[in-house]
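K.L.:
To start, I am sharing the structure in question, which I have written as structure tokens.
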Amino acid sequence: MEKLRVKTGSRNEMVDITDKVSLMVKKMGIMDGILHLFVPHTTCGLAVNENADPSVKADISGKLCGLVPEAGGYNHFEGNSDSHIKAALTGSCLSLFVEEGVLLLGRWQGIFLCEFDGPREREVWLKSVRQGDKPF
Ligand code: ZN
């Protein structure tokens with residue numbers, strides 16, 4: 001397993017990690033297979049979405065904050081239930097295809113770490129299942 005470290009700069013933020021993940025595909029020497037990404041955190045998530053127009057990530061983050069406000073009469077003692085809820089909505093894992101050493105994404109797609117309780121330093125865990133690997 002490999003790990004990426006991602007520093008976030010604000011409480012709610014979508015950080016484009018596409019280039020970091022692509023570099024990791026090269027470092028891991030993956031030619032053909034599936035790359036799994038996982039965040040071991042309860043207040044951030046992962047998403048694939050448009051990275052061509054930066055206003056899209058701002059719209060997603062802004063709308064999630066509108067849907068799940070920070071003050072919402074929650075029960076959780078830590079005071080960050082909105083962060084947990086937004087993390088649950090985005091999810092903590094992705095599975096992506098790699099072919100001929102290249103991470104396959106749609107033309108307008110990028111990979112985002114979705115921060116909901118920053119700023120913090122986060123980890124993304126990466127593990128591949130390569131074409132030709134024996135099934136367990
Ligand atoms: Zn909490």
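K.L.:
Given the criteria of a type in the set (Phe, Trp, Tyr), over 18 Å from Thr8 (Cβ atoms) and either in contact with a strand residue (DSSP E or B) (Cβ under 8 Å, 6 or more places away or on another chain) or in a loop (DSSP other than H, G, I, E, B) (or both), does Phe77 qualify?
P.N.:
yes
K.L.:
Would you call Ile60 in a loop (DSSP other than H, G, I, E, B), over 12 Å from the mean Cα position of the chain (by Cα) and more than 16 Å from the ligand (Cβ to nearest atom)?
P.N.:
Answer is no for this residue.
K.L.:
Suppose we keep only residues that are surrounded by 12 or more Cβ atoms within 10 Å (Cβ to Cβ), over 16 Å from the mean Cα position of the chain (by Cα) and not hydroxyl-bearing (Ser, Thr, Tyr) within the stretch 75-100. Which one would you say is farthest from Ile60 (Cα to Cα)?
P.N.:
Result: Glu99.
K.L.:
For the stretch 29-43, give me each residue that is over 14 Å from Asp16 (Cβ atoms) and either within 16 Å of the ligand (Cβ to nearest atom) or among the hydrophobic types (A, V, I, L, M, F, W, C) (or both).
P.N.:
Ile30, Met31, Ile34, Leu35, Phe38, Val39, Pro40, His41, Thr42, Thr43
K.L.:
Collect the residues in the stretch 29-54 that are open to solvent by 50 Å² or more (accessible area, probe 1.4 Å), over 13 Å from Ala87 (Cβ atoms) and not aliphatic (A, V, I, L, M), keeping them in residue-number order.
P.N.:
Those that are open to solvent by 50 Å² or more (accessible area, probe 1.4 Å), over 13 Å from Ala87 (Cβ atoms) and not aliphatic (A, V, I, L, M): Asp32, His36, Asn49, Glu50, Asn51, Asp53, Pro54.
The values are calculated or read from the model by the stated rules, or taken from the named source; none is laboratory data. Quick caveat, the model's predicted, so the values are computed rather than measured. As a convention, Cβ positions derive from the backbone with ideal geometry for all residues, glycine included, and neighbour counts pool all protein chains shown. Ligands, DNA and RNA are stripped out before the accessible areas are found, and what is left, the full protein with its side chains, is counted by its heavy atoms. Shrake-Rupley method; radii C 1.70, N 1.55, O 1.52, S 1.80 Å.
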